[in-house]
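Notes for the one structure printed next.
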Amino acid sequence: MTMKNLYLIKYILCFLVLLIPSIKASEYVLVPDSYLDVQTGKLVKGNIYIKDKKIIAISNEKKLLDKKKNIIYLDGLVLVPGLMDAHVHLIGNNELNGYQSIGESSQMATIYGVKNARNTLQAGFTTVRNVGAGHFADVALRDAINKGVIDGPTMLVSGPTLSITGGHGDNNLLPFHNHGSSEKHSIVDNPWDARKAVRVNRKYGANLIKFTATGGVMSKNTDPNARQFTLDEMIAIADEAHSHGMKVAAHAHGLKGIQAAIKAGVDSIEHASFINKGAISEAIKNGTYLSMDIYVSDYILGEGAKKGILEESLEKERKVGKIQRENFKLANSMGAKMVFGTDAGIYDHGDNARQFKYMVNWGMTPLQAIQAATINTADLFGQKNIGEIKVGYDADIIGVKTNPIKNIATLENVIFVMKEGKIYKK
């Protein structure tokens with residue numbers, strides 16, 4: 001054997017040795033100052049042992065620490081379970097002004113979704129629910145993340161939103177002779193077509209169903225107070241979805257639409273702006289979650305005009321925003337089940353955590369706000385293995401500089417992000 005070959009073998013062996021830490025990189029020990037118990041709000045001391053995406057132990061024993069190799073020292077950080085957002089729209093370029101998005105292709109919208117997903121994960125949101133996307137682009141984005149092609153949060157996706165003709169989920173901006181859609185299945189006007197629409201969304205990969213029970217703020221020629229879909233149609237949607245093990249989210253600002261959607265058996269009411277005591281009581285009785293996006297109003301009214309949002313939408317938001325916040329406070333005081341939902345996509349992705357201080361300002365304790373984005377949202381999602389730093393749970397963990405119970409705004413500046421045992425930000 002020549003000297004050249006010996007050097008080559010030595011080089012290869014050294015290279016393989018260097019690979020060993022990366023091969024075992026799924027095993028970590030996180031050594032923080034403390035971590036937050038989201039059930040009690042107390043900070044707990046303990047090193048967190050992670051293997052194969054799961055938390056396998058939490059211990060202060062130094063003898064265990066000495067035997068481990070991939071030790072991540074997180075001095076000065078408080079660890080918190082990965083945050084969740086129950087209402088996002090990752091697909092599309094939200095930097096487009098006004099209704100320029102009409103001219104955005106589905107392919108380009110999906111490419112921007114890659115950027116939006118990464119920004120969301122970097123902000124500490126490790127699980128999100130995408131409620132509404134054309135052409136099943138959210139399904140493609142979810143699958144690319146799951147396959148490790150791109151970085152992003154774990155996604156639950158609805159595919160196209162179900163709407164009545166001329167409703168909040170229809171395209172009301174184009175004149176009649178230009179009106180056409182490759183997703184006509186999602187515009188439904190009777191119970192049997194509603195059932196078929198659920199089946200089509202499921203066929204092409206949706207995890208859940210979203211429909212518009214009322215008009216909306218950001219759609220042309222719809223009234224947020226006006227109910228959309230009949231009760232029979234809503235019942236058909238909920239029954240069909242639940243028969244396939246799918247959850248149902250109902251966009252609903254107006255009271256009549258909220259009441260009908262709760263009666264139909266939906267799992268969550270999105271926005272819930274004009275809800276009242278009676279409807280809150282019904283939501284509590286039925287176990288219906290409320291997802292109320294109380295930050296986005298300030299963004300719409302502050303930035304909307306220069307972003308090209310129609311005056312019709314701005315005027316509707318002026319009427320909706322304050323009432324929604326007052327009803328958020330009322331619902332929380334009555335003990336309603338609340339989750340963290342922001343409508344990200346109206347504002348910049350990655351700014352999701354700005355809503356926490358609004359939730360606290362409008363009646364929640366910091367712990368309640370954090371629970372809304374962890375254990376409550378995990379329950380709505382039907383996920384039993386996320387939402388806490390606990391043995392047996394997925395290693396979805398973030399790190400912040402101070403105790404969020406003392407300063408909720410610290411969640412706006414996430415320093416460390418781990419999702420399913422993989423570090424994405426440190």
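The values are calculated or read from the model by the stated rules, or taken from the named source; none is laboratory data. Small disclaimer: the values here were computed from a predicted structure and weren't measured. Methodologically, a virtual Cβ is constructed for each residue, glycine included, from the backbone with ideal geometry; neighbour enumeration extends over all protein chains shown.
Given the options ALA344, ALA409, ALA395, ALA372, name the one that is buried (at least 18 other Cβ atoms within 10 Å of the Cβ) and free of Cβ contacts under 8 Å to residues at least 60 places away in the same chain.
Numbers: ALA344 fails: free of Cβ contacts under 8 Å to residues at least 60 places away in the same chain; ALA409 fails: buried (at least 18 other Cβ atoms within 10 Å of the Cβ); ALA395 fails: free of Cβ contacts under 8 Å to residues at least 60 places away in the same chain.
It is ALA372.
Taking the condition of being more than 17 Å from the chain's Cα centre (by Cα), closer than 17 Å to THR214 by Cα and not aliphatic (A, V, I, L, M), how many residues in segment 259-287 meet it?
Total satisfying the criteria: 6.
Given the structure, is ASN327 touching a Phe, Trp or Tyr at 6+ places or on another chain (Cβ under 8 Å) and either assigned by TED's automatic domain parsing to the domain that holds ILE275 or free of Cβ contacts under 8 Å to residues at least 40 places away in the same chain (or both)?
Numbers: touching a Phe, Trp or Tyr at 6+ places or on another chain (Cβ under 8 Å): yes; either assigned by TED's automatic domain parsing to the domain that holds ILE275 or free of Cβ contacts under 8 Å to residues at least 40 places away in the same chain (or both): yes.
Yes; evaluated as a whole, the condition is true for this residue.
For segment 404-426, does any single residue satisfy the condition of being out of contact with any His (no Cβ under 7 Å at 6 or more places or on another chain), modelled with pLDDT under 95, farther than 28 Å from HIS242 by Cα and of a type outside the set (S, T, N, Q)?
Kept after step one, since they are out of contact with any His (no Cβ under 7 Å at 6 or more places or on another chain), are these residues of segment 404-426: 404-426.
Restricting the remaining residues to those that are modelled with pLDDT under 95 gives 426.
Checking the rest, the ones that are also farther than 28 Å from HIS242 by Cα come to 426.
Filter again for of a type outside the set (S, T, N, Q), leaving 426.
Yes, segment 404-426 has at least one match.
Suppose we keep only residues that are under 19 Å from ASP138 (Cα atoms), at pLDDT 80 or above and part of a loop (DSSP other than H, G, I, E, B) within segment 73-103. Which one would you say is farthest from the chain's Cα centre (by Cα)?
Step by step, filter segment 73-103, then rank; the result is ASN93.
Filter segment 375-392 for residues that are among the polar types (S, T, N, Q) and crowded, with 20+ Cβ neighbours inside 10 Å and give the result.
Matches in segment 375-392: ASN376, THR377.
For GLY152, all conditions in the list (1) in a loop (DSSP other than H, G, I, E, B); (2) touching a Lys or Arg at 6+ places or on another chain (Cβ under 7 Å); (3) at pLDDT 95 or above; (4) surrounded by fewer than 24 Cβ atoms within 10 Å (Cβ to Cβ) hold save one; what is the number of the exception?
For GLY152, the failing item is (4).
Under 7 Å between Cβ atoms, which residue pairs at least 6 apart in sequence (or on different chains) link something in segment 249-260 that is within 14 Å of LEU162 (Cβ to Cβ) and in contact (Cβ under 8 Å) with a residue 40 or more places away in the chain with a partner that is charged (D, E, K, R) and in a loop (DSSP other than H, G, I, E, B)?
Short answer, once both residue conditions are applied: ALA249/ASP267.
Given the criteria over 20 Å from GLY387 (Cα atoms), assigned by TED's automatic domain parsing to the domain that holds ASP267 and modelled with pLDDT under 95, does GLY113 qualify?
no
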